[in-house]
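Remarks on the structure that follows.
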């Protein structure tokens, strides 16, 4: 019998977490092998490794404790990857040399798979004097463009996709440009952006007072605080960014406020971290811990919860010692403070099982009760570790206990900490769990409400026929198993029916007992008024949240996931006669290609590479979609037989990508980033690093000529999604396609666009 609650869960495991050889041959033969691999790897640092390995395995079994993806995929593989999810890089110096030193450190971190955050407030504003060179500064946004290009390059090198968070203080002179930077759809695509909002600024907003924009004590401009706040709100209303981080509140509540100052977060915002700060993540699956689900006495099993939390804390603490680090500064920071981020997933499902409606006062009270229980168990478990292994090196009892978050902790816990110390400086966080939630049987994600109770996927069989597979929420499936076709009770609400205020209420309830922060998306209806939208953020501030992220579907951000049966769905190919419905991770899922007309218009270009005897001829044919011209297929020919195989392969692959529609400008970026270790060549007075880069340049010039791109090295002429959606003009726009599988199943969950079909997310 399969351990997986749904076929999609097994697919996620196979695609993302199953340990395989470089050629794709599985090493983990079953999910039990994966659990054993993780348990053995994290038990190595224990004195009695065998005993702890069994205990760790039991915690992982049945998806009760879910280490974050980096731990699940990386533990025990001996690969040069970090098991830490989150990094905030060092403070950026206000100097050219220092800035590019930081850029190098970011590249090394991303190369190992770390998501990074940066505060760009330390870079002087645009137009400021640059001493010694008689020039004006280009400002922080110009350097953000450099970071953005670096992140795309790291992606093109075959590493895990990058994710970055950029923050800027609300009093920086360039804050207005920062707020609107992502209104250009082609700019800063690798960044999430958030404004660091101070208490003084919020006071000025409420008082409608003036606000000074300054750098190094020099005031550059004075604006009205409310006007600046409205500008943040308008951009977020239109483009879903920037997010808002209440930075003073974060620092005031930080257990380590006596030794660190925080100015940035990880890409998803649940980990505010100091310079070179690092954090690893894991989640307790609350949906697996409910006793007597759907009965009157249903509730979390307190003994099971306490025991599971204790094991999870020990496992995560061991990761600090077992993980590799991209930079020595990150390892030093992690070892000195040993911060971890234990969170939850399946909260909404657990509430459903206990008869509570998400977003009500009763559900908020129960959420607070559960989160407090987890916090208590986490701190007490860390105290026990301190007795055995010692407190974190920077522990100082009285300053630690005098921090904002510790002041509300129960006195018995405080007494234990005062006497024995604590192993981990910070312990709790709620991270995005979109992918691991699918892996755990499609439980509700993090503290989010259930997004959709069911949706369908199409499954391609070996004989070419197609079947439909229903993907059902975990709690809904449990209800069906217990009550059959009986109608779902009224308390079964979902993200589409909840008010924004209900989302905020739940976030605030959970935040009270989370010592780091929470990644959560407050879903807003498309027709919400601007005034109501602003009120959501003010409610978040007034209710004690540490930040706020919203998502309002519109023509720019895209629509939310459609749950109708008519939407496109991924295809799964069966490879074994004994398992005709079994999904496999070596299949690439794509959307339907554009149809090819009988005839196409195009252009042919001659490319002469200095080291090649024969020229390369490149033909690009175009198609008209929605009244706009876009590249559709490519042909590359040469008499040089040395080039035959790879040019043929390149022709087919580029054409396949072009025919899928959407934003294909990345093809140019990827080709131009390729360098030949034997050296490039000078062509028409310009150094080109490889033949492939030269081909990319030709394709780019063609895209510019037909109006698809603004210009060389620039972004799209128009929003690619507007073109992509015209193909099915008879249907309602479906929003953005998943960049991994091509399906229109993207949903904004916990601050990350997550695909419901393949588990892809920008952040993990």
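Read the figures in this text as sums done on the coordinates, not as results from a lab. Every value quoted in this text rests on a predicted model; they were computed, and no experiment measured them. Note that each Cβ is placed from the backbone with ideal geometry, even for glycine, and that neighbours are counted across all protein chains shown.
Overview of values
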{"item": "Using a Förster distance of 51 Å, the FRET efficiency for residue 58-residue 501 (Cβ separation, nearest 0.05)", "result": "0.80"}
{"item": "Per-residue Cβ neighbour rank within 10 angstrom, fewest leading, 357, 468, 532", "result": "468, 532, 357"}
{"item": "At R0 = 35 Å, FRET efficiency that the Cβ-Cβ distance of residue 94 and residue 208 yields, to 0.05", "result": "0.60"}
{"item": "Region 86-252: mean projected area of Cα convex hull, nm²", "result": "10.2 nm²"}
{"item": "Share, in percent, of DSSP beta bridges within region 86-252 that are antiparallel, nearest 5", "result": "30 percent"}
{"item": "Relative exposure of 515, 238, 301, judged by other C-beta atoms within 10 Å (fewest first)", "result": "301, 238, 515"}
{"item": "R0 of 45 Å, Cβ-Cβ distance residue 220-residue 512: FRET efficiency to nearest 0.05", "result": "0.75"}
{"item": "Region 14-135: proportion of alpha-carbon pairs further apart than 17 angstrom, %", "result": "67 percent"}
{"item": "Residues 682, 52, 147, sorted so that the one with the fewest Cβ neighbours within 10 Å comes first", "result": "682, 52, 147"}
{"item": "Stretch gain in nm, segment residue 142-residue 683, where the contour uses 0.36 nm per residue and the Cα spacing is subtracted", "result": "191.9 nm"}
{"item": "Overall form of region 170-284 per C-alpha gyration tensor (a/c, 1.5; a/b vs b/c)", "result": "oblate"}
{"item": "Protection-proxy order for peptides 289-300, 251-262, 116-127, 440-451, each taking the mean of Cβ atoms within 10 Å per residue, highest first", "result": "440-451, 116-127, 251-262, 289-300"}
{"item": "Relative packing of peptides 508-514, 489-495, 662-668, 103-109 - highest average C-beta neighbours within 10 Å first", "result": "508-514, 662-668, 103-109, 489-495"}
{"item": "Residue 645 paired with residue 47, simple spin-label distance in nm, labels 7 Å along Cα-to-beta-carbon", "result": "5.8 nm"}
